[in-house]
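*Asks:* First, the structure itself, so that you have it in front of you.
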Amino acid sequence: MKIKEISIDGFGKFHKYHCKLSDGIQVFYGENESGKTTLRKFMIAMLFGMEKGRGMAAKNDDYTKYVPIDGGNYGGSMIFEKDGISYRVQRIFSPGRSQVRLFYSDTMEEIILPEKSLVHKIFESNKNAFENTVSMTQSDIRTGKEMKEVLQSSMANLRSSKDSEIDIRKAIDYLKAKRREKRKDSIFAKADKIRQQIKIVTYDPNKLEQYTKEEQELRKKLTKREHYNFFQRLLRWIRRLLGVNEDQIEKMEILHRLDIVRMEIKQLTDQKEMQQEIHIQYQKIMEQKKSIEEEIRQIEMAIYAIEQAALAVQKTFGQELNEKISEIFERMTGSDYKKVVMNDALEMMVQKDFDYIDMKYLSNATVEQLYFALRLAAADLLYKEDHFPLFLDDVFGNYDDKRLKRTLSYLGQKSDRQIFLFTGRSEVVKALKEHKMNYHLIAL
């Protein structure tokens with residue numbers, strides 16, 4: 001990517017400002033408060049946008065800091081080239097009027113941006129990755145937590161081809177979200193509920209059998225005719241005369257008992273049917289639950305497989321990154337240091353002669369140069385396709401003349417990448433002249 005022109009309508013101290021840029025090294029030179037950082041922030045805002053923070057954070061954020069001072073619409077435009085195609089991006093940051101529009105600069109044919117962003121449309125890296133690799137200032141060149149997260153996330157990328165990447169972290173997060181969703185499926189609550197119902201709704205099959213037999217016996221008694229001898233018949237006749245009808249009493253007792261038995265049978269039968277229905281429902285629910293559990297198991301297997309693949313890729317990438325840092329650092333130090341080894345915590349050791357030296361024993365300037373090499377290596381390996389320019393905002397504050405010349409000499413050889421130097425140090429311009437390096441000076 002190459003930035004060809006910037007036009008500022010209103011951004012911080014700049015109003016109706018226009019600047020054309022060229023290939024190679026661009027030096028934005030000026031004293032303190034001349035607007036060097038403002039121009040850098042404007043170009044980044046053109047690429048990634050800028051939104052106002054919320055609450056107390058809004059008082060000190062970039063949005064508030066760069067509100068136009070001398071009038072004009074808050075925003076502007078930038079022309080840049082990517083993969084041989086020239087684009088023009090226009091942005092307005094004003095509240096209520098915020099917009100981003102992208103055009104082919106040659107024809108001004110508008111390119112639709114469904115997500116209102118250039119990310120995934122023109123380039124892949126996000127603002128966080130950009131600011132932790134190709135964009136550097138003196139104060140933040142020493143990598144911290146964010147740089148560590150950018151590297152670890154990017155090192156977990158599986159590359160399916162030279163032109164596409166699969167973000168493993170996003171893939172794993174997506175699968176974990178699907179697993180959480182599956183685990184919250186209502187089928188698990190239904191299964192627990194129906195298990196409780198099974199415990200409550202029970203019946204005793206022995207009792208049902210006993211009551212069924214008793215019912216049959218009682219019905220037989222109702223229809224059975226008893227045979228009495230002469231004296232029994234005489235006694236029963238006398239009792240009827242006295243108002244005691246034993247046949248009727250026995251019949252009433254049998255009918256009463258029969259009603260009770262039938263009620264018990266109905267209750268037990270209902271319980272049996274209910275239990276059978278619950279068991280049928282339970283079987284269906286358990287089949288559904290088993291299916292969900294199998295999906296969860298498959299998701300967990302996928303997470304494990306991806307994590308294992310990511311570890312393998314990370315190991316390979318870690319070796320590539322160490323080799324790239326070593327190459328850059330050796331060239332920037334004039335072969336004073338041959339090799340750099342970095343662990344997962346971004347702690348580095350450097351090889352000098354035949355010994356390895358922990359970075360904590362190096363000078364501040366050497367450590368900053370080491371981190372500088374790390375950022376360049378990360379940009380070259382992780383975001384090669386995006387190929388952003390380097391944004392270097394007074395990053396050479398601790399460099400002596402020798403170190404400065406070597407570093408600038410290395411940057412001058414990076415003809416494949418546009419480089420922006422924002423500086424107020426005359427030594428930088430002097431070193432560029434002495435090395436007869438091709439640069440474009442923009443005085444502020």
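*Asks:* When you scan the stretch 392-415, do you find a residue that is in a helix (DSSP H, G or I), crowded, with 20+ Cβ neighbours inside 10 Å and among the small types (Gly, Ala, Ser), even just one?
*Replies:* No: zero hits.
*Asks:* Identify the residue in the stretch 27-70 that is within 23 Å of VAL100 (Cβ to Cβ) and of a type in the set (Phe, Trp, Tyr) and, among all such residues, is surrounded by the most Cβ atoms within 10 Å (Cβ to Cβ).
*Replies:* My answer is PHE42.
*Asks:* So, in the stretch 14-28, exactly how many residues are in a loop (DSSP other than H, G, I, E, B) and either outside the structural domain of GLY424 (by TED's automatic domain parsing) or closer than 18 Å to THR423 by Cβ (or both)?
*Replies:* Of the residues in the stretch 14-28, 3 are in a loop (DSSP other than H, G, I, E, B) and either outside the structural domain of GLY424 (by TED's automatic domain parsing) or closer than 18 Å to THR423 by Cβ (or both).
*Asks:* Which condition number in (1) crowded, with 18+ Cβ neighbours inside 10 Å; (2) out of contact with any Phe, Trp or Tyr (no Cβ under 8 Å at 6 or more places or on another chain) is the one that PRO389 fails?
*Replies:* All conditions are met except number (2).
*Asks:* Look at the stretch 204-219 and say how many of its residues are within 60 Å of the chain's Cα centre (by Cα) and either exposed (fewer than 11 other Cβ atoms within 10 Å of the Cβ) or outside the structural domain of THR269 (by TED's automatic domain parsing) (or both).
*Replies:* Result for the stretch 204-219: 1.
*Asks:* Also: Of all residues being more than 36 Å from the chain's Cα centre (by Cα) and under 25 Å from PRO95 (Cα atoms) in the stretch 1-26, which is surrounded by the most Cβ atoms within 10 Å (Cβ to Cβ)? Just the residue, please.
*Replies:* PHE14
*Asks:* Separate question: Give the residue, chosen from MET348, MET342, that is touching a Phe, Trp or Tyr at 6+ places or on another chain (Cβ under 9 Å), at pLDDT below 90 and more than 30 Å from SER34 (Cβ to Cβ).
*Replies:* MET348
*Asks:* A follow-up question, please. If a residue has to be among the polar types (S, T, N, Q) and not in a loop (DSSP other than H, G, I, E, B) to count, how many in the stretch 72-95 make the cut?
*Replies:* Final tally of qualifying residues: 3.
*Asks:* Looking only at the stretch 80-124, filter to residues that are β-branched (Val, Ile, Thr) and surrounded by 14 or more Cβ atoms within 10 Å (Cβ to Cβ); which one of those is nearest to the chain's Cα centre (by Cα)? Please lay out each step first, then the result.
*Replies:* Our first condition is that a residue be β-branched (Val, Ile, Thr); within the stretch 80-124, this holds for 85, 89, 92, 100, 107, 111-112, 119, 122.
After this cut, where a residue has to be surrounded by 14 or more Cβ atoms within 10 Å (Cβ to Cβ) as well, the list is 89, 92, 100, 111, 119, 122.
Values: VAL89: 28, ILE92: 28, VAL100: 25, ILE111: 27, VAL119: 15, ILE122: 21 Å.
The extreme case among them is VAL119.
*Asks:* Same structure, new question: Taking the stated definitions as given, is LYS127 under 25 Å from PRO68 (Cα atoms) and either surrounded by fewer than 15 Cβ atoms within 10 Å (Cβ to Cβ) or among the hydroxyl-bearing types (Ser, Thr, Tyr) (or both)?
*Replies:* Here the answer is no, as LYS127 does not meet what is asked.
*Asks:* Report whether or not ARG54 is more than 30 Å from LEU404 (Cα to Cα) and modelled with pLDDT of 90 or more.
*Replies:* Spelling it out, it is not the case that ARG54 is more than 30 Å from LEU404 (Cα to Cα) and modelled with pLDDT of 90 or more.
*Asks:* When THR64 is evaluated against the numbered criteria (1) of a type outside the set (A, V, I, L, M); (2) closer than 22 Å to LEU118 by Cβ; (3) out of contact with any Pro (no Cβ under 8 Å at 6 or more places or on another chain), which criterion, by number, is the only one it fails?
*Replies:* Failing condition for THR64: (2).
*Asks:* Inside the stretch 270-283, can you point out the residues that are surrounded by 13 or more Cβ atoms within 10 Å (Cβ to Cβ) and under 20 Å from ARG183 (Cα atoms)?
*Replies:* Hit for the stretch 270-283 is TYR282, nothing else.
*Asks:* For the stretch 35-62, which residues satisfy the criterion of being closer than 19 Å to LYS20 by Cβ and either of a type in the set (Ser, Thr, Tyr) or touching a His at 6+ places or on another chain (Cβ under 6 Å) (or both)?
*Replies:* The one that is closer than 19 Å to LYS20 by Cβ and either of a type in the set (Ser, Thr, Tyr) or touching a His at 6+ places or on another chain (Cβ under 6 Å) (or both): THR38.
*Asks:* Among the residues of the stretch 392-399, is any touching a residue at least 60 places away in the same chain (Cβ under 8 Å) and on the phi > 0 side of the Ramachandran plot?
*Replies:* Yes, the conditions are met somewhere in the stretch 392-399.
*Asks:* Consider LYS41 against the criteria (1) part of a loop (DSSP other than H, G, I, E, B); (2) free of Cβ contacts under 8 Å to residues at least 60 places away in the same chain; (3) not acidic (Asp, Glu): it satisfies all of them except one. Which criterion is unmet?
*Replies:* Every condition holds for LYS41 apart from (1).
*Asks:* Name every residue in the stretch 96-139 that is in a helix (DSSP H, G or I) and closer than 16 Å to LYS2 by Cα, in order of residue number.
*Replies:* Residue satisfying the conditions is PHE130 alone.
*Asks:* Here's a follow-up. Is it true that LYS384 is modelled with pLDDT under 90 and under 32 Å from the mean Cα position of the chain (by Cα)?
*Replies:* So LYS384 passes the test.
*Asks:* Let me ask you something else. Give the residue that is surrounded by the fewest Cβ atoms within 10 Å (Cβ to Cβ), with candidates limited to residues of the stretch 426-444 that are in a loop (DSSP other than H, G, I, E, B) and modelled with pLDDT under 90.
*Replies:* Per the criteria, the residue is LYS436.
*Asks:* With the structure loaded, tell me whether LEU208 is among the hydrophobic types (A, V, I, L, M, F, W, C), out of contact with any strand residue (DSSP E or B) (no Cβ under 8 Å at 6 or more places or on another chain), closer than 30 Å to ILE265 by Cα and touching a residue at least 60 places away in the same chain (Cβ under 8 Å) or whether it fails that test.
*Replies:* Judged against the criteria, LEU208 is a match.
The values are calculated or read from the model by the stated rules, or taken from the named source; none is laboratory data. Just so you know, these numbers come straight off a predicted model, no measurement behind them. Because the Cβ atoms are built from the backbone with ideal geometry, glycine has one as well, and the counts that use them run over all protein chains shown.
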